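Working notes, beginning with the structure itself.
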Amino acid sequence: MSIEIFYDGECPFCSAYVRMLNLQRNVGQVDLIDMRANDPRFRALVDDGLNPNAGMVVRYGQTNYVGAEAVRILSILSQNGGAFTWLMRSPHRAAIIYPVLRACRNGALRLLGRKQIT
């Protein structure tokens, strides 16, 4: 089964996170899709009502996971056994931590002079 990860390529945190994941062993093909690129798969998500600034999106199987659920599913599937991965495996902890991560992303984008995804 393959996995598609839609992330903000201009966010240093998002880019570092998707690079550190080691998913191939568990899921096979991994497609990293920068939400700032004009990829038709991402545009289809936006056309279906996705807010691109709500967070990372993971399509695994026939299901789209957004925000905290996206990071949680990646943590479950990842071979990386670090503390962050362990923290984000819990739905409760992910729901608490993810909004803080999104706020850090937004702050970093402002500091770097980058705009939100449109």
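Just so you know, all these numbers are worked out from the coordinates, no wet-lab data involved. Owing to the predicted nature of the structure, the values given are computational and were not obtained by experimental measurement. Here the Cβ is made from the backbone with ideal geometry for all residues, glycine too, and neighbour counts use every protein chain on show.
Structure notes:
- Stretchable slack from C104 to R43, in nm (0.36 nm times residue separation minus alpha-carbon distance): 19.5 nm
- Helical content alone sets the calculated 222 nm signal of the chain at -14500 deg cm²/dmol, taking -39,500 (n - 2.57) per DSSP H segment of four or more residues and averaging over every residue.
- For the chain, the pair-distance distribution built from all alpha carbon pairs, in bins 5 Å wide starting at 0, is 2, 11, 23, 25, 22, 13, 4, 0 percent.
- Think of each Lys and Arg Cβ as +1 and each Asp and Glu Cβ as -1; about the Cα centre, that makes the dipole of region 3-111 roughly 360 debye.
- Positive dipole terminus of the chain, leading residue within N64, P52, L87 (C-beta point charges): L87
- 12 Å reach of a label modelled at D31, 7 Å along Cα-to-Cβ, counting backbone N of region 41-63: 41-45, 59-61
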